[in-house]
Amino acid sequence: VDSKLIIRRANDGDVDRLVGLCAVVQELHASAIPDFFKRADPKAHAHWFREMLARTDVTAWVASSNDIVVGYALAAVVSRVETPFSVARSFYQLDQISVAPDYRRKGVARALVERVVDDARARGLHEVELTAWSFNEAAQSAFMALGFRPMIVRFGRDCD
Ligand SMILES: CC(C)(COP(=O)(O)OP(=O)(O)OC[C@H]1O[C@@H](n2cnc3c(N)ncnc32)[C@H](O)[C@@H]1OP(=O)(O)O)[C@@H](O)C(=O)NCCC(=O)NCCS
């Protein structure tokens, strides 16, 4: 890990950088699955990040190296009510994580995930969960290396 890497809570002043880092992931997904994902939309995403930063059930962190924001993570508390089939439970959902291409494979995601796990514990939550699209094998490998294990495989088929 870069000794100068700092993980801190994101604030409104980080929105432009969050939008930029989010655009990298968005374009990756939009290129792979254009029928589902929209292209990166900086204005709409800036509005979305401002709304998320104001929520108490959502937390975003940025990783900065020499005052440059090089990655971010955003997690939300998800609560499921009891059903006849499953117990009530709450967990932390790591909805977004992105590291700038030039700063990958240096432990930035690991530092972000450790902070997310610490915050989950502080909130009394016992699990952190995330989803990854099947095409995104690099992200899946990274998540496995970061201690996540597959829980569900979602299948889909065309009807035409
Ligand atoms: C996935 C991503 C967040 C990883 O960030 P990172 O800062 O490079 O990850 P780290 O350096 O902290 O690596 C953490 C672990 O994952 C492994 N890893 C990271 N990228 C990997 C890759 N492309 N392939 C295989 N393993 C990888 C590392 O080797 C490390 O494991 P180790 O400590 O056992 O060696 C980054 O590649 C990224 O932003 N990708 C594009 C966005 C994306 O796909 N986000 C997820 C959407 S679901």
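The values are calculated or read from the model by the stated rules, or taken from the named source; none is laboratory data. Just so it is clear, the structure is predicted and the values come from calculations on it, not from any experiment. Methodologically, a virtual Cβ is constructed for each residue, glycine included, from the backbone with ideal geometry; neighbour enumeration extends over all protein chains shown. The accessibility values were calculated without ligands, DNA or RNA, using every heavy atom of the protein model including side chains. Shrake-Rupley method; radii C 1.70, N 1.55, O 1.52, S 1.80 Å.
Being surrounded by 13 or more Cβ atoms within 10 Å (Cβ to Cβ), hydrophobic (A, V, I, L, M, F, W, C), away from the ligand (no atom under 16 Å from the Cβ) and in a helix (DSSP H, G or I): is that true of V24 here? No; evaluated as a whole, the condition is false for this residue.
Can we say A60 is away from the ligand (no atom under 12 Å from the Cβ), touching a residue at least 40 places away in the same chain (Cβ under 8 Å) and not in a strand (DSSP E or B)? Answer is no for this residue. When K4 is tested against (1) loosely packed, with under 14 Cβ neighbours inside 10 Å; (2) within 21 Å of L94 (Cβ to Cβ); (3) in contact (Cβ under 8 Å) with a residue 60 or more places away in the chain, only condition (2) is not met. Filtering G124, G107 for residues that are at pLDDT 95 or above and touching an Asp or Glu at 6+ places or on another chain (Cβ under 9 Å) leaves a single hit, G107. Applying a threshold of 7 Å to beta carbon distances and a minimum spacing of six or more residues, or different chains, the list of pairs starting in region 100-129 at a residue that is more than 21 Å from V19 (Cα to Cα) and more than 8 Å from the ligand (Cβ to nearest atom) and ending at one that is open to solvent by less than 100 Å² (accessible area, probe 1.4 Å) and part of a helix (DSSP H, G or I) reads V128/V116; V128/V117; V128/A120.
Tell me, please, whether a residue that is within 18 Å of A138 (Cα to Cα) and open to solvent by 80 Å² or more (accessible area, probe 1.4 Å) can be found in region 45-54. No - not one qualifying residue is present in region 45-54. Taking region 130-160 as the range and being among the aromatic types (F, W, Y), more than 8 Å from the ligand (Cβ to nearest atom) and farther than 22 Å from D118 by Cβ as the test, the residues that pass are F135, F155.
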